[in-house]
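Data block below; observations after.
The values are calculated or read from the model by the stated rules, or taken from the named source; none is laboratory data. Since the model is a prediction, treat every value here as computed from it, not as a measurement. Every residue, glycine among them, receives a Cβ derived from its backbone with ideal geometry; neighbour counts consider all protein chains shown.
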């Protein structure tokens with residue numbers, strides 16, 4: 001395996017955010033070992049917090065108090081859908097992040113009333129409208145406009161077992177192909193079982209984000225396990241099949257953690273009937289790394305290689321991420337060679353370029369960059385604007401995409 005590791009920059013630096021932060025330091029990192037980090041992560045996994053775009057908690061990276069307050073604000077807005085244990089956690093978090101929440105304009109005076117007498121059913125949702133313009137390979141004009149709504153229901157069976165069901169409806173209102181899809185379908189449907197305080201198992205249909213999005217941002221039917229190996233190391237394993245392909249398989253495992261200022265993830269994926277090339281199995285080792293600088297900047301990136309192919313089998317990712325007040329600035333560079341043979345489209349759903357490498361048979365590969373600006377209006381509403389420029393590695397054809405979306409959670 002080629003040992004070169006390509007790195008990028010992810011910034012988590014919050015600049016001037018108002019005098020309400022005088023009693024706390026919004027620049028301070030909240031470590032994955034901090035009680036509030038664990039509490040908010042549990043609320044996110046329970047579906048109380050949803051629709052957050054930046055990959056928070058992916059890889060257990062530290063985040064700032066300002067970013068944490070945004071997530072706590074989401075939990076407060078949905079606090080009428082929580083059980084008694086979650087209510088207590090939200091109240092404790094609201095006290096811890098009082099100054100940051102006041103700066104965000106989150107009202108906490110009615111928290112007790114909102115959480116009184118709730119049932120154990122939790123219902124929440126997410127809606128997004130997205131517009132994409134530009135042109136694809138061959139200079140074909142591109143205009144896509146769609147609206148997606150997700151409705152999620154959860155119920156704890158007991159203190160260890162929880163069930164989740166989620167519907168989605170993606171309405172393509174205007175596309176380059178002229179197709180329209182308004183079908184409601186099941187997005188997720190799975191059971192979560194807490195084997196122990198350190199180990200959790202999920203079984204069913206679930207959306208997975210593997211290796212920070214490099215290996216998968218897609219749906220799998222099967223099961224996964226997450227277990228804490230130590231204070232620093234976590235293991236995650238997944239076994240199943242891809243959504244819509246009964247003959248496919250996927251097996252994935254990763255060990256990762258945070259060591260001081262370093263983040264490290266070692267990943268391995270194998271499977272058959274991949275999307276790009278269905279004639280061979282897939283074996284992909286991958287390394288993701290990150291380093292947090294004293295000023296809050298985080299240098300990160302990833303390198304993957306398909307060992308089933310002899311050449312043109314590598315992928316690199318670079319990323320720059322900076323948070324300024326309520327805005328996130330994200331710059332990405334991505335190169336995927338034609339024989340990488342990924343089992344699912346990689347990258348963010350936002351301005352994803354999977355159809356670009358698939359247009360010409362999928363074996364030629366592509367490279368390019370994306371610029372994304374995320375503006376958080378409040379804890380439940382944000383907008384995204386993006387631009388992408390991509391190039392086919394064989395034909396040199398170029399594709400460009402730009403657009404915007406608005407996302408609200410409720």
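Evaluating residue 390 against the criteria (1) at pLDDT 80 or above; (2) in contact with a helix residue (DSSP H, G or I) (Cβ under 6 Å, 6 or more places away or on another chain); (3) in a loop (DSSP other than H, G, I, E, B) leaves one unmet condition, (3).
The condition of being modelled with pLDDT under 85 and buried (at least 20 other Cβ atoms within 10 Å of the Cβ) holds for residue 214.
Matching residues to (1) closer than 17 Å to residue 217 by Cα; (2) in a loop (DSSP other than H, G, I, E, B); (3) modelled with pLDDT under 85:
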| residue | (1), (2), (3) |
| --- | --- |
| 288 | yes, no, no |
| 294 | no, yes, yes |
| 299 | no, no, yes |
| 330 | no, no, no |
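Results for (1) modelled with pLDDT under 75; (2) in a strand (DSSP E or B); (3) in contact with a strand residue (DSSP E or B) (Cβ under 9 Å, 6 or more places away or on another chain); (4) surrounded by 16 or more Cβ atoms within 10 Å (Cβ to Cβ), shown as yes or no for each residue.
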site	(1), (2), (3), (4)
143	no, yes, yes, no
146	no, yes, yes, yes
151	no, yes, yes, yes
154	no, yes, yes, yes
158	no, no, no, no
165	no, yes, yes, yes
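Within region 190-245, being closer than 17 Å to residue 265 by Cβ and outside any strand (DSSP E or B) holds for 211, 212, 213, 214, 215, 229, 230, 231, 232.
Is it the case that residue 321 is within 29 Å of residue 48 (Cα to Cα), out of contact with any strand residue (DSSP E or B) (no Cβ under 7 Å at 6 or more places or on another chain), at pLDDT below 85 and surrounded by 16 or more Cβ atoms within 10 Å (Cβ to Cβ)? Quick ask: steps written out before the conclusion?
Values: within 29 Å of residue 48 (Cα to Cα): yes; out of contact with any strand residue (DSSP E or B) (no Cβ under 7 Å at 6 or more places or on another chain): no; at pLDDT below 85: yes; surrounded by 16 or more Cβ atoms within 10 Å (Cβ to Cβ): yes.
No: the conditions fail for residue 321.
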